[in-house]
Structure formats: C-alpha cells, structure tokens
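See below for the structure under consideration.
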Amino acid sequence: MSLRIRWLGRVSYGDALACQQAMFAGRDQYLLLLEHPHVFTLGLRGDEANILVDPKEVGAEVVRVDRGGDVTYHGPGQLVGYPVLTVAGKRGGGMADTVAYVRSVEQLVIDALGDLGLGNCGRLGDYPGVWVDPDSDNPRKIAAIGVRLNRTRSMHGFALNVDCDLDWFGRIVPCGIVDKAVTSLAAEGRRATLRDAVDAVAARAADRWGGGGADRADVAWGRGHPAVGDTAGTCAAPGGAGTFGADAAPVGITERKPEWMRVALRTGPEFTRLRSTLHGRDLVTVCEEAGCPNIYECWNEGTATFMINGDRCTRACGFCLVDTRRPLAADPGEPERVADAVADMGLDYAVVTAVARDDLPDGGAAGFAATVAAIRRRTPHVRVEVLIPDCKGDPDALGTIFEARPEVLNHNIETVARLQRTVRPSAGYARSLGVLARAKAAGLTTKSSVIVGLGETDEEVAQTLADLAAVGTDIVAVGQYLRPTVKHLPVARWVPPGTFDEYRAVGTSLGIRHVEAGPLTRASHHAQHAHEQAVALS
C-alpha cells in the first residue's frame, strides 16, 4: 500500500490528534509531518510534576495523550512526525512488535540525521529517543519518540529538534530524564532548515515504509503568498494540466466561458415566490451572496441555502464574493425566521450555512445550534444539513454544533494542500481535516467540497480526495471555480466534464460514499440527493 506523506505546516496539537485518530481507525498508510505551537504533552504515565512552570504564564498548552513516555515539549522549529501505519505483527501474528517498531522509527530519524550531516547519532541504552554522541560522557537528546500501537496500527511518533528554542526544555523534565541534556541540529552546528529536515525524513520514510510507493503533498512553504501553480514541495512532478508556468497562463476575465459553463437565466414564478419569501423575512442566502451559478435551477425548484450570522465575513478568501466589511451584531431572531421560511417553502431538506465570524467567541456556533433547533421545532420532519466554518478549530464551539445533530455536517476544504495559503489564507488544510475528523468521531455524516481550476493538478485533487477519505468523509462535492471579479483569483483552467467523471471514480474507489462532481457543482448543489445516496450506502 502506498505511503501518503503530508507536510502540513504549523498545526495545533488538537487538530493533528483528530486527524491521527481518524486515520488510525482506517487502513491507509500516512506520515504526517508538521510543527506545533508551544505545547507540553504527557504520556499515559506522565507525571505533571515534570512540568516545572505554569504553562499559561509561558503561553503553552498542556495535553495528556494516549502514548508512552512522560512529558515532551513541541514547538516552532521542531519537526514532528506522526506515522499512522499498519505494522507487521510478531511472527506474522495479529499483534505488532512494539520494540521492533520503535527501533524502526528511531532508525529512520538516525538515518535522516546522517543525511543532514550529523552522523554521530544513535540509541542510549534503555533510554528512548535518538541521541547525539551516545557513547560519550555527554550524550544529548535530539529526538523524542513516543508511539501508540493497537494490534497492528500505529499513531503518535517522533519530535526532531531542528532549530527550536532549547530554553523550553528547561521548563520541563524532558521525558522524565533529569540528568541528560537536550540539543538540536542548530545547536550541533548543522545549518539545516525545517524544509531540509522534512525532505530528509520524507525520503527515508518512503524507503522504509513506502513498499507500495509514496506520494507527497505539502502546504506552501515560506511566509509570502506563493504564485498560484507553484509546485515547490511536492514529491513527484505533477501533471501539466492546471498549472501556471512558462507554457500556461490564467484565463482572462473577458474570455468567454466554454459551453458547458454557460447557464440560462430563468426567473419563473417559483423563483419570484421564493425570492419574495426570503427577502420578506430579511433572510440571506449564499445563492445570492456568493453568486452561485445554480441559483436559477435551485430557486425554480423551490430550494435555497440559508446563510445565517449575517452577510459579512471576517475572512477574505481569494475565491469568494461574500462581503468582508466589519460584521454587524448577531440577530437573535434570525433562527426563527429561517424556520418559518423552511415551513413556508415546504422543504423536506434544509441547508444552512454561514459567514465566518471570528469576531464572536464561539465563531458563530450558537447560531447554527439555534437555527437547527428552530427548524426542528417548526418542522420536525425536515432534515438539516449545515455547512460550517472551522470555528478556529475550537472543540467547544464545534461541539455546540455537533450536539445539534444535523443530518449532515459539511465543512469545505476548498482546495489542495499546496494552494491553501493563497486561496484561503485564514484557514488551514489540517484544521479542515481536523474539523471533519471530529465530526465523524461525533457520529455525524460528513461532507466537504473542492473547487478546481485554481492552479491545482489532477494528481493533487486525487491526493485531497484521499485525505478526505482517510478522515472518514462520506460526501464530497467537486466543482469548477468561477472568478467573481477582477479582484479575485484568476481561473487557471476550465476543467472539462470528462475530468469530473474521473474525480468521481477516484473518490468512489477511495471509499467516499458519494462524490457529486461536475463543472457547476457547488457544496450545496443536489444536497438532498447526495445525502440520500450516502445513506443508502451506509
């Protein structure tokens, strides 16, 4: 089976753990590479007394986790690797050989350090981890190891100090070892960047664990916004379709759309009635605010996607037409007005989305819960799908929405890993996977969508579909990007209808229950049909 290597950038511990746990429950082979904000983690038998400072005073989080070992520090400048693998059992049996697996992780790090020019590394007696000069009078720990194995599946992994602030290790007793020093590549005089370390570890992991091949996807490197289509950081050279470069240019704003992207303007009686119903209740729809090309089809069929928490978004994604002025206060009467409209429209299936509200403590979660509750009181038979922002990954805010028990929890990943920073700079690839993983763990049917034509390759779309499948996503929508104005990201390519058929086949082969894919597909398009198809296959 292929090893999927993902460089995810800086990721909160909670988001990374949610992804791991979802992947751990599956069968795919993953190596997640990332760095964390400041966090102290305690293993199952870890002693809190080994944290020597008040974490809040130094700006660190504390998390107790289901792995071996004592207290460990993670932070910027440290490469963390989480191999989520199926590990060979003892003599072909059903239980993994824990010692052999830990040794293999240590050896991978030792080999990668050698590739980075630090060759005097190894093991130190019964101490876990990887050490510099282990046979000297001054052994120094450069990498911590802490894993969990359940029968033949692994999670957690290693933390390699590349160029981190070593003073943080003075605030704990690292791994409960009181008399040994901690070091880093930088402290040992090796001028290696985090990217150098990622490349070295990824290459060694592909050799060690990628028996069926390996594919790699990276979020963008560096602090600046990369050019759309920049393929730096991907393991294999992607296909030419859909990339900017010497032989490719974005589609001009004045160029005519291909025939398959043209939509007839149809405003029949049902369209007019629905618009009157919505505007009469001072309600907002994403159909209008985002300039959806399917508005005529959906409104003439009597369906719409309600947008709550106002019509002003606190983020400015490069593809989105929604207003980004300062938001107004939340309207407490909005949930009941949505419920009244659902009843008047005679809906059996309601879709509710929202702008991002980073200005609110819960990111707008209470608005979703109140709206779902209002619809259920007014029309108990109606099934509800919510399309939510990430709520900054806050587990309490997300829990508020999950506890409302919508029939479908939709959160859009929007684009491939490499383009996240360009397309939606206030969001994150791993965070979105984490939201979906948490929703799945809460027992909800999950859904996401991908926009194509932003500079991605077909290979990268397949990688994103694989990642969505790995966290248990049940429904995925894939559609063509349309540029709202000249101020938004350009269209990189028009993806032909046949390619969407290929996306659908790839997603289905990966185990996604329903893939709605087509040039005009949007996150809420044919939502009821997609839900019914996914339920039929459950």
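The values are calculated or read from the model by the stated rules, or taken from the named source; none is laboratory data. Owing to the predicted nature of the structure, the values given are computational and were not obtained by experimental measurement. In this analysis, Cβ positions are derived from the backbone assuming ideal geometry, glycine residues included, and neighbour counts consider all displayed protein chains. Heads up: the accessible areas ignore ligands, DNA and RNA and are worked out on the full protein's heavy atoms, side chains in. Shrake-Rupley method; radii C 1.70, N 1.55, O 1.52, S 1.80 Å.
Using a Förster radius of 56 Å, what is the FRET efficiency between His529 and Lys56 based on their Cβ-Cβ separation? Nearest 0.05, please.
Working: r = 49 Å, r/R0 = 0.87.
That gives a FRET efficiency of 0.70.
Taking the full set of protein chains and a 1.4 angstrom probe, give the accessible area of Ile110 in square angstrom, rounded to the nearest 10.
Accessible area of Ile110: about 20 Å².
Which value, in Å², gives the accessible area per residue of the chain when a 1.4 Å probe is used on the protein heavy atoms? Display every interim value, and only then the final one.
Values: 21740 Å² over 538 residues.
With all protein chains present, the chain gives 40 Å² per residue.
What is the sum of charges, Lys and Arg at +1 and Asp and Glu at -1, for the other residues whose Cβ falls under 14 Å from the Cβ of Gly75? All intermediate terms of the calculation are to be shown ahead of the outcome.
Numbers: positive: Arg10, Arg171; negative: Glu35, Glu61, Asp163, Asp165, Asp167.
Net of charged neighbours comes to -3.
Give, rounded to the nearest 20 debye, the magnitude of the charge dipole that region 312-425 has about its Cα centre when Lys and Arg contribute +1 at Cβ and Asp and Glu contribute -1 at Cβ. Please report the intermediate quantities before stating the final value.
On the way: 15 positive and 17 negative charges, 72 e Å.
The calculated dipole for region 312-425 is roughly 340 debye.
Output the 0 to 90 degree angle, nearest 10, between the alpha-carbon long axis of helix 98-115 and the longest principal axis computed from the alpha carbons of the chain.
Helix 98-115 sits at roughly 90 degrees to that axis.
Please list, by residue number, everything in region 317-356 whose backbone N is under 17 Å from a paramagnetic label point 7 Å out along Cα→Cβ of Asp282.
It comes to 327-341, nothing else.
Using modelled backbone amide H atoms (1.01 Å from N, in-plane), which distant-in-sequence or interchain residues come within less than 5 Å of Gly129's amide H?
So Gly129 has HN proximity to Ile145.
Would you mind counting up the charge near Ala200? Only other residues with Cβ under 9 Å from its Cβ, with Lys and Arg at +1 and Asp and Glu at -1. Working shown, then result.
Details: positive: Arg204; negative: Asp111, Asp115, Asp196, Asp199.
Around Ala200, the charge tally is -3.
Mind checking the angle between helix 365-378 and the chain's longest principal axis? C-alpha axes, 0 to 90 degrees, to the nearest 10.
40
Which ³J(HN,Hα) values, rounded to whole Hz and listed in residue order, are derived for region 349-357 from phi using the Karplus coefficients 6.51, -1.76 and 1.60 in 6.51 cos²θ - 1.76 cosθ + 1.60 with θ = phi - 60°, glycine and proline given as x?
Once rounded to whole Hz, the list reads 9, 10, 10, 10, 10, 7, 6, 6, 10.
Mind checking the full-extension length gain between Glu259 and Thr272? Use 0.36 nm per residue of separation minus the Cα-Cα distance, one decimal, nm. Can you show the working numbers first?
Values: separation 13, 0.36 × 13 = 4.68 nm, distance 2.68 nm.
Full extension of this stretch gives 2.0 nm more.
Given just the C-alpha atoms of region 420-538, how large is their convex hull per residue in cubic angstrom?
Working: hull volume 12.3 nm³, N = 119.
Per-residue hull volume (Cα only) is 103 Å³.
Order the following by accessible area, largest value first: Glu456, Glu502. Probe radius 1.4 Å; ligands, DNA and RNA are ignored. Don't skip to the end; give the middle numbers.
On the way: Glu456 0, Glu502 110 Å².
Most to least solvent-accessible, the answer reads Glu502, Glu456.
Using only the heavy atoms of the protein chains and a 1.4 Å probe, how would Trp494, Trp260 rank by accessible area, largest first? Can you show the working numbers first?
On the way: Trp494 55, Trp260 95 Å².
Descending order: Trp260, Trp494.
HN-Hα J couplings of region 179-191 from phi, Karplus 6.51/-1.76/1.60, θ = phi - 60°, integer Hz, Gly and Pro as x?
10, 10, 8, 10, 9, 8, 4, 5, 5, 8, x, 9, 8
Net charge near Gln480, counting Lys/Arg +1 and Asp/Glu -1 over other residues with Cβ under 10 Å of its Cβ? Before the final figure, lay out the partial values.
On the way: positive: Lys257, Arg493, Arg522; negative: none.
Surrounding charge for Gln480 is +3.
Ranked from the most accessible area to the least, with a 1.4 Å probe and all protein chains present, what is the order of Leu387, Leu31?
On the way: Leu387 25, Leu31 0 Å².
Highest to lowest solvent-accessible surface, that is Leu387, Leu31.
Can you match percent of Cα pairs over 37 Å apart to one of these, (i) 34; (ii) 38; (iii) 27, based on a calculation from the structure here?
(i)
Under unit Cβ charges (Lys, Arg +1; Asp, Glu -1), what dipole magnitude, rounded to 20 debye, does region 488-532 have relative to its Cα centre?
Values: 4 positive and 4 negative charges, 24 e Å.
That gives a dipole near 120 debye.
If I compute solvent accessible area with a 1.4 Å probe over the protein chains, what percent of it on region 158-210 is carbon and sulfur? Don't skip to the end; give the middle numbers.
Numbers: 960 of 2350 Å².
About 41 percent, which is the carbon plus sulfur part of the accessible surface.
Under a point-charge model restricted to the Cβ atoms of Lys and Arg (+1) and Asp and Glu (-1), what is the dipole moment magnitude of the chain relative to its Cα centre, in debye to the nearest 20?
On the way: 58 positive and 66 negative charges, 101 e Å.
Once rounded to the nearest 20, the dipole reads 480 debye.
Using helices alone, I'd like the mean residue ellipticity at 222 nm for the chain: each DSSP H run of four-plus residues gives -39500 (n - 2.57), total over residue count, nearest 500.
On the way: 15 runs with 159 residues, N = 538.
Only helices count here, giving -9000 deg cm²/dmol.
Could you give the nm distance between label points at Asp501 and Val486, where each point is 7 Å from its Cα heading toward the beta carbon?
3.9
Read phi for every residue in region 404-414 and hand back ³J(HN,Hα) as whole Hz from Karplus 6.51 cos²θ - 1.76 cosθ + 1.60, θ = phi - 60°, with x for Gly and Pro.
Karplus-based 3J(HN,Hα) across region 404-414 equals 6, 6, x, 5, 9, 10, 10, 9, 8, 7, 6 Hz.
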